[in-house]
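Asks: The structure follows.
Read-outs throughout are calculated quantities, based only on the coordinates presented, and are distinct from any laboratory measurement. Predicted model, so just to flag it, every value in this text is computed and none were measured. Cβ placement follows ideal geometry from the backbone for every residue including glycine, while neighbour counts extend to all protein chains displayed.
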Amino acid sequence: MSAQKKQFGQKIILGVLLLCIAALTGFSYFNYVESEEKVSFLENAKGMIVEDLESIENDLNTLAKENESHIKEIDYSRRRIAMLKDSIKLLEVDYQILGRYRRELAEIRKENKYLHQVADSIKQQNFLLSKEIDSTKLRYIELERYSNALKSANENLTQFTDSLINENIELSKQIDKDPALKVSALVGIAYKARSNGKVIETNRANRAERLRACFNIAPGTLLQPGERIFYVQFIDPKNQILGSRAAVTYKNKKLIYSKKIVVDYENKPMGICDYIIVKDLEMEGDYRVNVFYKENLLASTVFKLK
């Protein structure tokens with residue numbers, strides 16, 4: 001009986017040992033499986049972080065080519081990415097370290113986003129600046145065309161002014177040669193005054209008390225309206241000038257005249273009459289009347305007295 005109890009006790013101990021071995025084996029297996037899953041998860045997480053870092057790194061390389069003005073900030077981000085990648089490759093990663101890597105990745109993403117915002121802002125400013133430059137260039141071209149047009153107009157105006165000056169010089173020469181005032185219908189008449197103040201025409205020299213000249217002025221094309229002076233000569237048959245016998249000089253030429261007539265010339269047809277008073281005319285023959293403007297003889301006629 002004692003031997004049976006001892007054998008039964010050994011069986012119980014053996015069963016307990018087998019159960020412990022089985023439990024330990026199961027625990028070890030499940031622990032191994034869990035460890036493998038953890039390692040696989042951590043490796044996958046590491047790979048995803050590395051891929052994100054490489055994607056951001058490539059993006060930064062492209063951004064660096066387009067934005068040289070912010071190359072320092074971009075280089076700083078690229079150095080952080082390189083250090084983080086090396087750390088991931090060299091260190092044994094656990095959940096705590098994985099969390100730190102993820103936080104670093106989040107910070108790098110924020111920096112990358114900020115750099116993109118800055119780059120977009122610079123692009124917008126460059127675009128607006130480019131438009132302003134194009135607008136300025138267009139205004140400059142328009143101003144240059146306007147300046148050239150003004151220069152051309154000024155040259156034309158200068159040529160026109162020179163032409164006018166030359167024309168004025170020629171006109172002045174022409175005026176000096178030809179007064180452009182035409183006198184027509186010049187007549188000379190002798191008159192006798194009555195006691196009542198009336199005058200009557202006479203053809204007898206001994207009865208003449210006034211010698212009168214009448215003429216018409218035709219409008220000229222070279223002279224402007226204004227005051228004009230005409231000189232009238234009455235010459236007897238002995239070629240003596242009658243009247244005041246005053247003198248005027250033009251271009252070193254002396255002109256003796258009988259009467260000076262001042263006319264308010266309006267560049268339109270005018271009829272002019274004036275006379276001189278004579279006494280003791282006894283000479284019969286041809287009496288001449290000459291009309292001058294300046295030194296130019298405009299008209300001449302003869303009338304006869306008996």
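Asks: Count charges around E111 for me, please; just the other residues with Cβ under 11 Å from its Cβ, Lys/Arg as +1, Asp/Glu as -1. Don't skip to the end; give the middle numbers.
Replies: Details: positive: R78, R80, R109, K110, K113; negative: E73, E104, E107.
Spelling it out: positives minus negatives among the neighbours equals +2.
Asks: Now a separate question. What's the local net charge at K238, with K and R +1, D and E -1, over the other residues with C-beta under 13 Å away?
Replies: -3
Asks: So how do 253-263, 286-296 stack up, highest first, on mean other-Cβ count within 10 Å?
Replies: Values: 253-263: 15.1, 286-296: 19.2.
Order by mean packing, descending: 286-296, 253-263.
Asks: Let's see if you can work this out: charge +1 on each Lys and Arg Cβ, -1 on each Asp and Glu Cβ, no other charges. What is the dipole magnitude of segment 182-305 about its Cα centre, in debye to the nearest 20? If you can, show how the numbers build up before the last one.
Replies: Details: 21 positive and 12 negative charges, 25 e Å.
The calculated dipole for segment 182-305 is roughly 120 debye.
Asks: Gain in length, D134 to S195, computed as 0.36 nm per residue apart minus the alpha-carbon separation, to one decimal in nm?
Replies: Details: separation 61, 0.36 × 61 = 21.96 nm, distance 9.80 nm.
Length difference between fully extended and current span is 12.2 nm.
Asks: A follow-up question, please. Of N252, N196, G226, which is farthest along the charge dipole of segment 182-305 in the positive direction, counting Lys and Arg as +1 and Asp and Glu as -1 at C-beta?
Replies: The listed residue farthest towards the positive side: N252.
Asks: Divide, for segment 218-276, the radius of gyration over alpha carbons by 2.2 N^0.38 Å, where N is the residue count. Walk me through the numbers on the way to the answer.
Replies: On the way: Rg = 13.6 Å, N = 59, 2.2 N^0.38 = 10.4 Å.
Dividing the Cα Rg of segment 218-276 by 2.2 N^0.38 Å gives 1.31.
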